[in-house]
Amino acid sequence: MKDKELVILAYSGGLDTSVAIPWLKENYNAEVITVTADLGQDSVDKNLEEKALKSGALRSYIIDGRETFINEFVWPSLRASAIYEGQYPLATALGRPLIARYLVEIALKEGGTAIAHGCTGKGNDQVRLDVGVSTLAPQLSIIAPAREWNMDREQEIEYGEKRGLDLPVTRKNLYSVDENIWGRSIESGPLEDPWNEPPEEIYSWTRSISDAPQDPMYIEIDFDKGLPVALDGKSLSGIDLVKKLNFLAGSNGVGRIDHLENRLVGIKSREIYESPAAIVLHACHNALETMTLVKEQQRFKNFVSQQYADMIYNGLWYSSHRRNLDAYISSTQEFVTGKIRVKLFKGSCSVVGRSSPYALYDYELATYDESDKFDHSSAEGFIKLFGLPYKTQTIKQD
Ligand code: ARG
């Protein structure tokens, strides 16, 4: 008989990953160690370890990855202005490579032979975890029970109940939800008809516009080299800043996104996101860049931002491609320092003020009042040369 596999399973305590424990033991002659990463999701259950052991796991790890997640994943994506297809701030996509890293770390520590996760064969997350793990530790094999077992939901419940599992769900969840501190995603159920307006019940981090306060709220965010460091003049850790912004912006109805998105596996899917802090921070960061970068830097960085967002979405975090892009992004952020003032009001987030010690905006160049220092006399010659190719073309070719 083949030696026992030691499988490191990414575990959330939900139906799929609970059923995966006995399934792996039976189908792969495996021992199972579970790993759960706390990336700031609301739903980390205090009894997860006990639950995993009761379901048959040999050991269970719960890792607080919030600070690492913010500093090493979220902040680089913010500096890169990475928003997938102009809409999605990439919360789930940023979380998966860190989960892959924790799975590999525990596998190396425990002498594991394989990694397992509960992703289905239809989503992006399987790609992110598989590619992440195989890039970090090519020697580990990867098992995705839900890609193999061909059980529907009812069969999974029956399978688990027969083995005495205390299953987390009894009634059918209409929606599939994933979350971490950078955002929350909601899919399936009535959302699968792209004509349907998302029902109010799916939201849990944001107020509806009608319930949002009648008066606007103003906040100020300080950035240092492209990173947010203070809220309303008070220095905060990344975790506290993002949590607080999720609350403040969410209370004002800011952060809802309805995205018909192109998945990596070739299908379009309708996704709803709640990402209040991400929406505010990207708007502020962008506003500060418009103050501190020259036009060509802004234009070129836009291309790189799209590349960066695709790279994250497509699960290529541990690639040389990312390291190359990071080098460029870092070099753009040296002077992205200053303060942004935003107005949150009934679902909108508007930048209303900006200031920076390195501002390229120069009042004396911009103004029309008597302090104007712009050299009007040089405009005429400039325009002559600027328009010369087109004047020549008309003369020679018309
Ligand atoms: N569509 C988003 C993405 O690919 C969200 C995925 C949510 N994942 C989930 N297992 N529900 O990043």
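The values are calculated or read from the model by the stated rules, or taken from the named source; none is laboratory data. Computed from a prediction, not measured in an experiment: that's the story for all the values here. Here Cβ is always computed from backbone atoms with ideal geometry, including for glycine, and neighbour counts include all displayed protein chains. Ligands, DNA and RNA are excluded from the accessible area calculation, which covers all protein heavy atoms including side chains. Shrake-Rupley method; radii C 1.70, N 1.55, O 1.52, S 1.80 Å.
Summary table below
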read-out: Enumeration of residues in segment 41-55 that are touching a Gly at 6+ places or on another chain (Cβ under 9 Å) and either aromatic (F, W, Y) or open to solvent by 20 Å² or more (accessible area, probe 1.4 Å) (or both); value: Q41, S43, V44, D45, N47, K51, K54
read-out: In segment 1-28, residue modelled with the highest pLDDT [restricted to those that are more than 23 Å from D152 (Cα to Cα) and over 28 Å from the mean Cα position of the chain (by Cα)]; value: L6
read-out: Close pairs from segment 96-115: first under 11 Å from I33 (Cβ atoms), partner outside any strand (DSSP E or B) and among the β-branched types (V, I, T), Cβ under 8 Å, at least 6 apart; value: L103/V133; A107/T113; G112/I106; I115/V104; I115/V133
read-out: Residue under evaluation E192, criteria (1) more than 23 Å from the chain's Cα centre (by Cα); (2) within 16 Å of the ligand (Cβ to nearest atom); (3) open to solvent by 50 Å² or more (accessible area, probe 1.4 Å), criterion not met; value: (1)
read-out: Single residue of E49, E110, E67 found to be touching a helix residue (DSSP H, G or I) at 6+ places or on another chain (Cβ under 8 Å) and either farther than 23 Å from S176 by Cβ or at pLDDT 95 or above (or both); value: E67
read-out: Residue list for segment 327-370, restricted to those being of a type in the set (S, T, N, Q), more than 15 Å from E289 (Cα to Cα) and open to solvent by less than 40 Å² (accessible area, probe 1.4 Å); value: T367
read-out: Filter result (hydrophobic (A, V, I, L, M, F, W, C) and either part of a helix (DSSP H, G or I) or open to solvent by 10 Å² or more (accessible area, probe 1.4 Å) (or both)) within segment 129-158; value: L129, V131, V133, L136, L140, I142, A146, W149, M151, I157
read-out: For G226: the one exception among (1) over 30 Å from V177 (Cβ atoms); (2) small (G, A, S); (3) open to solvent by 20 Å² or more (accessible area, probe 1.4 Å); value: (3)
read-out: Candidates G238, G250, G189, G266 - the one that is under 21 Å from A80 (Cα atoms) and of a type in the set (G, A, S); value: G238
read-out: Matching entry among G250, G233, G238 (being touching a residue at least 60 places away in the same chain (Cβ under 8 Å) and either in contact with a strand residue (DSSP E or B) (Cβ under 7 Å, 6 or more places away or on another chain) or away from the ligand (no atom under 16 Å from the Cβ) (or both)); value: G238
read-out: Residue tally, condition within 18 Å of G13 (Cβ to Cβ), open to solvent by 10 Å² or more (accessible area, probe 1.4 Å) and more than 14 Å from the ligand (Cβ to nearest atom), over segment 67-105; value: 1
read-out: Within segment 306-326, considering residues that are small (G, A, S) and more than 22 Å from P228 (Cβ to Cβ), the one surrounded by the fewest Cβ atoms within 10 Å (Cβ to Cβ); value: S320
read-out: Residue identified as in a helix (DSSP H, G or I) and either more than 30 Å from Q126 (Cβ to Cβ) or more than 20 Å from the chain's Cα centre (by Cα) (or both) among L241, L281; value: L241
read-out: Those residues of segment 244-266 which are more than 15 Å from the chain's Cα centre (by Cα) and β-branched (V, I, T), in sequence order; value: V254, V265
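Each row is one residue, and each column tells you yes or no for (1) closer than 17 Å to L316 by Cα; (2) β-branched (V, I, T); (3) at pLDDT 95 or above.
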| residue | (1), (2), (3) |
| --- | --- |
| A91 | yes, no, yes |
| I106 | no, yes, yes |
| A116 | no, no, yes |
| C119 | no, no, yes |
| G132 | yes, no, yes |
| D152 | no, no, no |
